[in-house]
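Colleague: I have a structure here, written as structure tokens, and I will follow up with some questions on it.
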Amino acid sequence: MHISDGFLDGKALALTGALSAGGLAVAAQQVNRTLPRNKIPLMGLGAAFVFAAQMINFPVAGGTSGHLVGGVLAAALLGPAAAIVVVTSVLIVQCFLFADGGVLALGANILNMAIVNSLAGYAIYSLIRRLLPGEQGRLTAIAFAGWCAAVLAAIVCAGELAWSRTAPWNIAFPAMSAVHMLIGLGEGLISALVLLAILRTRPDLLADSADGSARPSREWFLYAGLATLALTLFVAPFACPWPDGLDSVAAQLGFDRHATAMAAPIADYHFPGIHSAVGATALAGALGSLVVFGLAFILGRLLIPRPPTSRV
């Protein structure tokens, strides 16, 4: 769902940029006030996993693919404010390192995939959790919330396209919502599977667990990190090559020709100097995961204050 430069006009770019800046400021303030400092490594790991998972497109229908957005999953692990920071870190690296999403459209992408996806998804997740307690209720909640969040973000994107007169609302809305109803099924399923793995290994790490200050053991962190790296090295190079939901709609409605892209060091995940497409994608993915981890980790260190030292 990464919007390319050229899809939105100036007023849409200005408004989405302002809303994203305001949303990020509020999220940063909330992280500063509420997130324990020992959650900083989880912010980095969560960002690396979301980046890796977004590289793995899965087929949906009619030559269209989809990928995980990850905002709801990150919110279940860290809370919605930290999830916004985590997904924003992913989008920044994707934009400037891989030309995945436009530079001018970065605000719109942050609004749709980091803010709307995380906040709306977590609100639905929390509501269903209260209605359906227990492990099965939690898994049902995140699956349904992941589906809803993907569709809601797509509807907001359709509104931005319509407001920019890129595509009429009566065409953009059904096209974007229909394809993302299918993509949302994958979002919900992947989110539920990852959450199940966390529930079976370290349920105390979840944002709404009784022990909100729990920290991952070195072994758990190492295994989760290696699993994330394995996704970029051994799964992402073989992901579905079909265009994702937005790109497919853009091609169908004919506004794909408006897309522009700025130069990036590793554009389209093709690592310079490596002629093997599989090897280039794997190396680009591994590098991207490490960069995203570092960015989210640094942001966490900057945002979350050190506890005051006691003086004797």
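Colleague: Could you tell me how many of the residues in the stretch 159-176 are among the small types (Gly, Ala, Ser), assigned to a helix (DSSP H, G or I) and under 19 Å from residue 257 (Cβ atoms)?
Modeller: Counting residues in the stretch 159-176 that are among the small types (Gly, Ala, Ser), assigned to a helix (DSSP H, G or I) and under 19 Å from residue 257 (Cβ atoms) gives 3.
Colleague: On to the next question. (1) touching a strand residue (DSSP E or B) at 6+ places or on another chain (Cβ under 7 Å); (2) small (Gly, Ala, Ser); (3) surrounded by fewer than 21 Cβ atoms within 10 Å (Cβ to Cβ): which one isn't true of residue 102, the others all being true?
Modeller: (3)
Colleague: Going through the stretch 246-269 one residue at a time, which ones are in a helix (DSSP H, G or I) and in contact with a Ser or Thr (Cβ under 6 Å, 6 or more places away or on another chain)?
Modeller: Result: 248, 269.
To keep it simple, each residue is scored yes or no on (1) under 17 Å from residue 184 (Cβ atoms); (2) not small (Gly, Ala, Ser).
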{"site": "88", "(1), (2)": "no, yes"}
{"site": "94", "(1), (2)": "no, yes"}
{"site": "100", "(1), (2)": "no, yes"}
{"site": "105", "(1), (2)": "no, no"}
{"site": "108", "(1), (2)": "no, no"}
{"site": "124", "(1), (2)": "yes, yes"}
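Colleague: Go through the stretch 1-84 and tell me which helices (runs of 4 or more DSSP H), entirely inside it, have 2 or more residues that are more than 18 Å from the chain's Cα centre (by Cα).
Modeller: Correct list: 10-34.
Colleague: Next up: Go through (1) touching a strand residue (DSSP E or B) at 6+ places or on another chain (Cβ under 6 Å); (2) of a type in the set (A, V, I, L, M); (3) closer than 18 Å to residue 251 by Cβ for residue 161 and report which single condition fails.
Modeller: (1)
Colleague: OK, next. Give the residues of the stretch 109-134 that are of a type outside the set (A, V, I, L, M) and in contact with a Lys or Arg (Cβ under 9 Å, 6 or more places away or on another chain), sorted by residue number.
Modeller: 125, 129
Colleague: Oh, and also: Tell me whether the stretch 180-187 contains one or more residues that are among the charged types (D, E, K, R) and not in a helix (DSSP H, G or I).
Modeller: For the stretch 180-187, residues among the charged types (D, E, K, R) and not in a helix (DSSP H, G or I): absent.
Colleague: Residues of the stretch 108-140 being buried (at least 24 other Cβ atoms within 10 Å of the Cβ) and of a type outside the set (Ser, Thr, Tyr), which ones?
Modeller: Correct list: 108, 109, 110, 111, 112, 113, 114, 115, 117, 121.
Colleague: Could you tell me which of the residues 196, 185 is aliphatic (A, V, I, L, M), over 16 Å from residue 1 (Cβ atoms) and surrounded by fewer than 20 Cβ atoms within 10 Å (Cβ to Cβ)?
Modeller: The match here is 196.
Colleague: Just to be sure, is residue 275 more than 30 Å from residue 161 (Cβ to Cβ), loosely packed, with under 15 Cβ neighbours inside 10 Å and modelled with pLDDT under 95?
Modeller: Here the answer is yes, as residue 275 does meet what is asked.
Colleague: Would you call residue 286 in contact with a Leu (Cβ under 9 Å, 6 or more places away or on another chain) and modelled with pLDDT of 95 or more?
Modeller: yes
Colleague: Still on this model: In the stretch 145-181, which residues are surrounded by fewer than 23 Cβ atoms within 10 Å (Cβ to Cβ), in contact (Cβ under 8 Å) with a residue 60 or more places away in the chain and within 17 Å of residue 60 (Cα to Cα)?
Modeller: Listed by number, the list holds a single entry, 175.
Colleague: Going by the structure shown, is residue 104 under 22 Å from residue 218 (Cα atoms) and of a type in the set (A, V, I, L, M)?
Modeller: no
Colleague: Looking for whichever is under 18 Å from the mean Cα position of the chain (by Cα), at pLDDT below 95 and over 30 Å from residue 276 (Cα atoms) here; the options are 185, 189, 206, 152. Which one fits?
Modeller: That would be 206, the only listed residue that is under 18 Å from the mean Cα position of the chain (by Cα), at pLDDT below 95 and over 30 Å from residue 276 (Cα atoms).
Colleague: From the set of residues in the stretch 202-250 that are among the β-branched types (Val, Ile, Thr) and within 20 Å of residue 51 (Cα to Cα), which is surrounded by the most Cβ atoms within 10 Å (Cβ to Cβ)?
Modeller: Here the residue is 232.
The values are calculated or read from the model by the stated rules, or taken from the named source; none is laboratory data. This is a predicted model, so every value here is computed, not measured. Cβ: placed from backbone, ideal geometry, glycine included. Neighbour counts: every protein chain shown.
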